[in-house]
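The values are calculated or read from the model by the stated rules, or taken from the named source; none is laboratory data. None of these values were measured; they are calculated from a predicted model. All Cβ positions, glycine included, derive from the backbone under ideal geometry; neighbour counts span all protein chains shown.
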Amino acid sequence: MNTLAIINRSTPFKGQAGQESVDLVLAAATFGQQVSVFFVDDGVFQLLTQSPAEVEQKHFAKSFGAFEFYDVESIYVCQKSLSQRGLSKSDLIIETEIVDENRLNQLLSQHHNVLSLS
Amino acid sequence: MLKHLSERWGVFVLGGSNLATISIIVTSPALDSQGAYSALRFIQATIEKGHSVNGVFFYQAGVTVANGFQTVLSDELALYEKWQDLAQQHKIPLQVCVTAANRRGVISHEDAQQDKNRHDHNLVSPFQSVGIGELVAMLNESDKSIQF
């Protein structure tokens with residue numbers, strides 16, 4: 001089976017990147033793809049508590065909670081991106097694995113396909 | 001991550017004797033970035049080197065490449081026509097995610113008919129309106145994928 005890494009790199013409501021990433025993760029998982037999700041750069045902001053109604057957007061981050069039901073259990077967050085933004089694991093709304101840059105590169109290189117959404 | 005990507009790229013370019021089947025994913029907008037043009041040039045180079053491209057999938061802002069209403073001045077690059085020519089010459093499927101496209105006003109004849117107030121459509125052959133599952137199918141039938 002092919003493995004797919006999806007990297008989220010932008011803030012939650014910058015365009016449609018958040019929603020379209022979730023759509024892609026769930027669709028790929030439905031089609032039997034082994035999917036890993038990475039949050040890097042400003043993408044880590046997607047993992048904070050959100051109030052999307054304030055900006056008339058849908059609450060796409062709710063779908064993060066559904067990932068495990070689609071067998072999407074490999075969720076990684078870039079340690080450096082978090083610390084650069086003054087954030088830590090306790091700020092995040094879902095359970096993730098925090099990884100350093102070396103580990104991040106190593107993980108990405110283990111996937112057949114890598115897609116970056118920003 | 002850039003290092004990772006350049007390694008992927010490097011392996012592909014230098015390994016000229018190993019012919020590969022490549023999937024292309026375009027998420028850059030048609031006009032406001034160089035991504036869609038780079039993708040086109042990359043595909044041409046890929047084919048010249050003897051590799052094959054099993055499909056192009058347009059997602060996120062990349063769907064705007066498929067907007068058939070794009071109208072450029074006569075002395076400007078006609079990117080839309082270049083994609084048409086590429087698909088015709090090399091029989092490469094150009095697949096457009098229907099949900100991402102509809103959000104951005106890129107609508108097929110079939111979808112336009114769902115709305116009686118809509119009188120025209122701009123997503124036509126060789127571009128195909130497909131579900132996102134087609135991306136997974138495309139990736140499963142290639143050796144490598146490259147995103148622009």
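Quick look at the values:
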{"read-out": "When residues of the range A:13-49 are limited to those that are at pLDDT below 95 and more than 11 Å from chain B (Cβ to nearest Cβ), the one surrounded by the fewest Cβ atoms within 10 Å (Cβ to Cβ)", "value": "A:LYS14"}
{"read-out": "Within the range A:69-79, considering residues that are more than 11 Å from chain B (Cβ to nearest Cβ) and not aromatic (Phe, Trp, Tyr), the one farthest from A:ALA5 (Cα to Cα)", "value": "A:GLN79"}
{"read-out": "Members of the range B:18-59 found to be loosely packed, with under 14 Cβ neighbours inside 10 Å and either touching a helix residue (DSSP H, G or I) at 6+ places or on another chain (Cβ under 6 Å) or of a type in the set (A, V, I, L, M, F, W, C) (or both), listed by number", "value": "B:LEU19, B:ALA45"}
{"read-out": "Selection status of B:VAL63, of a type in the set (A, V, I, L, M, F, W, C) and more than 14 Å from chain A (Cβ to nearest Cβ)", "value": "no"}
{"read-out": "Near pairs, Cβ below 7 angstrom, 6+ apart or cross-chain, from the range B:64-85 (among the hydroxyl-bearing types (Ser, Thr, Tyr)) to any residue that is outside any loop (DSSP other than H, G, I, E, B)", "value": "none"}
{"read-out": "B:ILE146 being within 27 Å of A:VAL25 (Cα to Cα), crowded, with 18+ Cβ neighbours inside 10 Å and out of contact with any Lys or Arg (no Cβ under 9 Å at 6 or more places or on another chain)", "value": "no"}
{"read-out": "Single residue of B:LEU73, B:LEU94 found to be in contact with a Pro (Cβ under 6 Å, 6 or more places away or on another chain) and more than 14 Å from chain A (Cβ to nearest Cβ)", "value": "B:LEU94"}
{"read-out": "Checking B:LYS91 against (1) surrounded by 12 or more Cβ atoms within 10 Å (Cβ to Cβ); (2) closer than 30 Å to A:GLN34 by Cα, the condition it does not meet", "value": "(1)"}
{"read-out": "A:PHE67 modelled with pLDDT of 95 or more and aromatic (Phe, Trp, Tyr)", "value": "yes"}
{"read-out": "Strands (runs of 3 or more DSSP E) wholly inside the range B:28-145 containing at least 2 residues that are of a type in the set (Val, Ile, Thr)", "value": "B:52-58"}
{"read-out": "Residue selected from the range B:17-27 under the condition more than 12 Å from B:PHE58 (Cβ to Cβ) and assigned to a loop (DSSP other than H, G, I, E, B), by the criterion nearest to the other protein chains (Cβ to nearest Cβ)", "value": "B:ALA20"}
{"read-out": "Close pairs (7 angstrom Cβ cut-off, 6 or more residues apart or separate chains): under 18 Å from B:ILE146 (Cα atoms) and within 7 Å of another protein chain (Cβ to nearest Cβ) in the range A:92-118, of a type in the set (D, E, K, R) and buried (at least 18 other Cβ atoms within 10 Å of the Cβ) anywhere", "value": "A:SER116/A:ARG9; A:LEU117/A:ARG9; A:LEU117/A:GLU20"}
{"read-out": "Selection count where residues are within 13 Å of A:PHE45 (Cα to Cα) and assigned to a helix (DSSP H, G or I), scope the range A:91-107", "value": "1"}
{"read-out": "Selection count where residues are in a loop (DSSP other than H, G, I, E, B) and farther than 16 Å from A:VAL99 by Cβ, scope the range A:44-84", "value": "10"}
{"read-out": "Cβ pairs under 6 Å, 6+ apart, first in the range B:122-139 and free of Cβ contacts under 8 Å to residues at least 12 places away in the same chain and within 14 Å of chain A (Cβ to nearest Cβ), second in a loop (DSSP other than H, G, I, E, B) and aromatic (Phe, Trp, Tyr)", "value": "B:GLY133/A:PHE31; B:VAL136/A:PHE31"}
